[in-house]
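The structure appears right after this line, and notes come after that.
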Amino acid sequence: MDETPETQQNPSGMSAVDSQSTDSVVETTTQSFMVDVIEASQHMLVLLDFWAPWCGPCKQLTPLLEKLAMQSNGAVRLAKMNIDEHPQVAQQLQVQSIPAVFAFKNGQPVDGFAGALPESQLKAFIEKNLGEGLAPDPIEEMLAAGKAALEQDDFTNAMQIFGAIAQQDNTNTAALGGLAQCYLASGNIDAAEQTLAMIEDPTTPDPLYSAAIAGLELAKKSASLGDTDDQKESAIDTLLATLGGNADDHQSRYDLALAYHAAGQKENAIDALLEIIQRNRQWEDDAARKQLLELFEAYGPTDEVTVEGRRKLSSLLFS
């Protein structure tokens, strides 16, 4: 069986993570349990993680526990025990399923849980037993700064921040999504597509990544409108003139929504699609509503135009 990153051994017998921080993350055995867990818990919080190579949820949970332990500046140790190779301790603690995690303090198990939890719940579990908050994750702080820059259309700064994160971790879904959005804002569709292709199958898509995927599809649809602002405005004027002669030309109004989007006129893009829904919701197999949802995805759930657009859509659909 192939070794997973969290179980891969180096020549010293320690995992890759162990070699980086012996105190924060260790592989423990029945023989070393007293030192690794019981004695260590006299001066730090020790999380005993029971896992096995065949356990799928373990492969999701363990990297998160490693990350939080490494982030604790020595306040938390993660002790990983392979339940297949060392079943005795698990039997004593009456472990019935894995992953199973026990928190040890002062030589005693004080808390625990079974199953794979999301990072936010793991952090809350650790902080409850630690009695204090964990240090902020530098990557999370950088992501927050990148998101703030993106929301303010400061694409130069956002690109620098997301790029720095991607250099440290080229699988960070949020950073790559944010970076792709910066490329899209500059009109570089190819670079955006190449950036998003770096993540083949994200297990937990981040809103930044989802927005970039939707934005890329929109960029491809509106590519024929031109690259310059003048070309985009010209396309808008032409489509408005067409609609002036026939307000029920839904294809032209649909194209107008894409033109508005390409020109950065979010509210107008949404309103154009809403008008199609109001006039003929079933047009082209509900195409306007589907395109509207793609706009919402691209703009993000917290954008004011998304919030207002969803409210208007609900009023139309349920009035």
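Computed from the coordinates by the stated procedures, all read-outs in this text should not be read as laboratory data. Here the structure is a predicted model, which means the values were calculated and not measured. For neighbour counting, all protein chains shown are included, and Cβ atoms are generated from backbone atoms with ideal geometry for every residue, glycine included.
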| said: Within the range 150-168, name every residue whose backbone N is under 14 Å away from a label modeled 7 Å from Cα of Met198 along the Cβ vector. | reply: 159-168
| note | Filtered hits (lysines, Cα-Cα < 25 Å from Lys80, offset >= 8 within chain) -> Lys59, Lys67, Lys105, Lys123, Lys128
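May I ask you to derive the relative contact order of the chain, considering only C-alpha pairs under 8 Å and at least 6 residues apart, and to give it as an integer percent? Don't skip to the end; give the middle numbers.
Numbers: 430 pairs, mean separation 32.2, N = 319.
Averaging sequence separation for qualifying contacts and normalising by length gives 10 percent for the chain.
From the Cα gyration tensor of the range 16-130, with a ≥ b ≥ c the square roots of its eigenvalues, which class applies: rounded if a/c is under 1.5, or else prolate if a/b is larger than b/c, or else oblate? Don't skip to the end; give the middle numbers.
Working: a/c = 1.25, a/b = 1.08, b/c = 1.16.
Cα axes put the range 16-130 in the rounded bin.
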| field | Within a Gaussian network of the chain (alpha carbon springs, distance under 10 Å), most fluctuating of Gly215, Gly56, Gly187 | value | Gly56
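So for the chain: antiparallel DSSP bridges make up what percent, rounded to the nearest 5? Before the final figure, lay out each step's value.
On the way: 12 of 22 bridges.
DSSP beta bridges in the chain are roughly 55 percent antiparallel.
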| request: For Ser72, enumerate residues with amide H under 5 Å from its amide H, sequence gap 5+ or separate chain, H modeled in the peptide plane. | output: none
| said: Less than 25 Å apart at the alpha-carbon level, and either on another chain or at least 8 residues along: which lysines does that give for Lys266? | reply: Lys147, Lys220, Lys221, Lys232, Lys290, Lys312
| note | Amide H contacts under 5 Å for Val25, restricted to residues at least 5 apart in sequence or on another chain and with H modeled in the peptide plane, are Leu78
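Let me have the relative contact order for the range 223-318, percent, based on Cα pairs under 8 Å that are six or more residues apart.
On the way: 82 pairs, mean separation 18.2, N = 96.
Averaging sequence separation for qualifying contacts and normalising by length gives 19 percent for the range 223-318.
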| Folded to 0 to 90 degrees: helix 138-151 orientation relative to the chain principal axis, Cα | 10
| request: Give the angle, between 0 and 90 degrees and rounded to the nearest 10, that separates the Cα long axis of helix 56-70 from the longest principal axis of the Cα atoms of the chain. | output: 80
| task | Give the relative contact order (percent, whole number) for the range 13-118; include only Cα pairs under 8 Å separated by 6+ residues. | result | 36
| task | For the range 138-221, count all C-alpha to C-alpha pairs, find those more than 17 Å apart, and express that count as a whole percent of the total. | result | 36
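I need the shape label for the range 144-189. Rule: rounded when a/c is under 1.5, else prolate if a/b > b/c, else oblate, with a, b, c from the alpha carbon gyration tensor. Walk me through the intermediate numbers first.
Values: a/c = 1.97, a/b = 1.28, b/c = 1.54.
Note, shape of the range 144-189 comes out oblate.
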| message | Output the 0 to 90 degree angle, nearest 10, between the alpha-carbon long axis of helix 250-262 and the longest principal axis computed from the alpha carbons of the chain. | response | 60
| What are the ³J(HN,Hα) values, in whole Hz, obtained from phi via the Karplus relation 6.51 cos²θ - 1.76 cosθ + 1.60 with θ = phi - 60°, for each residue of the range 225-240 in sequence order, with x given for Gly and Pro? | 6, x, 9, 8, 4, 4, 5, 5, 5, 5, 5, 5, 4, 5, 5, 5
| message | Rounded to whole Å, give me the distance from the Cα center of the range 168-205 to that of the range 243-319. | response | 26
| task | At most 12 other Cβ atoms within 10 Å and a DSSP loop assignment: could you name the GluC sites (Glu not before Pro) in the range 31-127 that fit? | result | Glu85
| remark: Note, the range 211-219: 3J(HN,Hα) by Karplus (6.51, -1.76, 1.60, θ = phi - 60°), whole Hz, Gly/Pro = x, goes 5, 5, 4, 5, x, 5, 4, 5, 4
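How large is the charge dipole for the chain, taken about the Cα centre, if only the Cβ atoms of Lys, Arg (+1) and Asp, Glu (-1) carry charge, to the nearest 20 debye? The partial results should precede the final answer.
Values: 20 positive and 48 negative charges, 161 e Å.
Dipole magnitude for the chain comes out near 780 debye.
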| request: Please build a GNM for the chain, connecting alpha carbons under 10 Å apart, and tell me which residue among His86, His261, His250 fluctuates the most. | output: His86
| Is the range 223-318 rounded, prolate or oblate when judged by the Cα gyration tensor, a ≥ b ≥ c being the square roots of its eigenvalues, rounded requiring a/c under 1.5 and prolate requiring a/b larger than b/c? | oblate
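Taking the Cα centre of the range 223-318 as origin, work out the dipole magnitude from +1 charges on Lys and Arg Cβ and -1 charges on Asp and Glu Cβ, in debye rounded to 20. Mind showing how you got there, number by number?
Working: 10 positive and 19 negative charges, 92 e Å.
Approximately 440 debye in magnitude.
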| request: Take the Cα coordinates of the chain, assign each an equal point scatterer, and use the Debye formula without solvent to give log10 I(q)/I(0) at q = 0.07, 0.10, 0.15, 0.16 Å⁻¹. | output: -0.43, -0.72, -1.10, -1.20
| If you take the charge dipole of the chain about its Cα centre, with +1 on Lys and Arg Cβ and -1 on Asp and Glu Cβ, which of Leu47, Gln88, Ala247 is farthest toward its positive end? | Gln88
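Could you calculate the FRET efficiency of Ala287 with Asn73 from 1/(1 + (r/R0)^6), where r is the beta carbon distance between them and R0 is 41 Å, rounded to 0.05? Spell out each step's value before the answer.
Numbers: r = 54 Å, r/R0 = 1.31.
Calculated value: 0.15.
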